[in-house]
Amino acid sequence: MKEHYDHDNVSGDYTPKGCMAFTALMLVAAVKTFRHSADERTAVIAAAVGVPILLFFIFYPFGYSYFEADDSEVTFVRLFKRKRIEYSEIKSIELKTEEREQYFRNRKYTHYAEVITFHCAERDFSFAGKIYTAPDAPQTQTENSKFMRLKRFIEEKKAG
């Protein structure tokens, strides 16, 4: 079972001001490096390191996310992160839908997120995905969602 989903922040906390501050700090450091570098080689090295990092932070929210479940484990992948959870470690699975607010350019945007939490022996692991249609009846919508199908799949594998 392999499904793609639109990643959402697990905690629901978005920090666009923090990202803008980090980007501004990177740009100031780049300008200082280019302006005060004694030779061209230092500036080229700074650009070769700084530009990919800057592009990574700009495009990170739009990353490629999916989960893949087989007979013994589920793997969640997002960009360069990979988390494998074996079914034998899972005590229980919790699934909830929540309404979230996000501010962008002084406008409030509301969307819904589905959060799946794996309660394991050592710690809990949570993953969130955006739901684009507003759930009139959240219970009905979550019955056919990707995370609910994953939960059923894992429970069947653990039982059988």
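The values are calculated or read from the model by the stated rules, or taken from the named source; none is laboratory data. Everything quoted here is computed from the prediction, not taken from an experiment. Ideal geometry is used to build each Cβ from the backbone, glycine not excepted, and the neighbour counts take in all protein chains shown. Accessible surface areas use protein heavy atoms only, side chains included; no ligands, DNA or RNA. Shrake-Rupley method; radii C 1.70, N 1.55, O 1.52, S 1.80 Å.
Considered as a group, the residues in the range 1-15 that are open to solvent by 60 Å² or more (accessible area, probe 1.4 Å) and within 25 Å of GLU99 (Cβ to Cβ) include one that is modelled with the highest pLDDT, and that residue is HIS4. Restricting attention to the range 79-96 and to residues that are open to solvent by less than 70 Å² (accessible area, probe 1.4 Å) and of a type in the set (A, V, I, L, M, F, W, C), the residue that is nearest to the chain's Cα centre (by Cα) turns out to be LEU79.
Would it be correct to say that PHE62 is more than 16 Å from HIS4 (Cβ to Cβ), at pLDDT below 75 and open to solvent by 80 Å² or more (accessible area, probe 1.4 Å)? The answer is no for PHE62. Remark: pairs (first residue in the range 141-160, among the hydroxyl-bearing types (Ser, Thr, Tyr); second residue outside any helix (DSSP H, G or I) and surrounded by 16 or more Cβ atoms within 10 Å (Cβ to Cβ); Cβ separation under 7 Å; 6+ apart in sequence or on different chains) = THR142/THR97; THR142/GLU114; SER145/GLU114.
In the set TYR103, TYR109, only one residue is of a type outside the set (Gly, Ala, Ser), loosely packed, with under 12 Cβ neighbours inside 10 Å, within 19 Å of LYS130 (Cβ to Cβ) and without any contact (Cβ under 8 Å) to a residue 12 or more places away in the chain; that residue is TYR109.
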